[in-house]
Amino acid sequence: MPKDLLIAGIGMAFFIICPRMAGMVHVISKYSQASLMQSALLGIIIAIPLLLAMVLVFGKTGIWRALAFCVLTDIGAAFFMKEISISAGIETLVIAVFVIIGVKIAPVFTSVLVK
């Protein structure tokens, strides 16, 4: 395995485990009786094709359409979470909005810090 691929794979693995995931685990545990470990494993399996689809969208159409795809999956998550509780759906949607705001603010913030 090439070193660059290994480094990129490790970086991706660390990126996927982010504060947003911690927030979603909290929402799931707060509002459901589902086993977190089983939910995580099933979620990983379901997420693989979605992650690949997002990468393909990004590769073919760019960051904004990939972000739109991600927003659609967040709305889907909120829709499914409301089946557990309307509060879980709303919390999921709020987390998604903060991610979108972060994507817009991060480049501005970085340009101020790094000149």
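The values are calculated or read from the model by the stated rules, or taken from the named source; none is laboratory data. Because the structure is a prediction, the values reported are computed rather than measured. Note that each Cβ is placed from the backbone with ideal geometry, even for glycine, and that neighbours are counted across all protein chains shown.
Residues in region 1-25 that are assigned to a loop (DSSP other than H, G, I, E, B), over 14 Å from Val99 (Cα atoms) and under 13 Å from the mean Cα position of the chain (by Cα): Ile17 only. Taken over region 8-32, the residue count meeting the criterion of being charged (D, E, K, R) and surrounded by 15 or more Cβ atoms within 10 Å (Cβ to Cβ) is 1. Taking the stated definitions as given, is Ser32 in contact (Cβ under 8 Å) with a residue 40 or more places away in the chain and of a type in the set (S, T, N, Q)? For Ser32, the condition - in contact (Cβ under 8 Å) with a residue 40 or more places away in the chain and of a type in the set (S, T, N, Q) - is met. Across region 33-49, the number of residues qualifying as at pLDDT 90 or above and surrounded by 13 or more Cβ atoms within 10 Å (Cβ to Cβ) comes to 1.
Looking only at region 91-103, decide whether some residue is free of Cβ contacts under 8 Å to residues at least 40 places away in the same chain and either within 12 Å of Ile28 (Cα to Cα) or of a type in the set (D, E, K, R) (or both). No, there is no match, as no residue in region 91-103 is free of Cβ contacts under 8 Å to residues at least 40 places away in the same chain and either within 12 Å of Ile28 (Cα to Cα) or of a type in the set (D, E, K, R) (or both).
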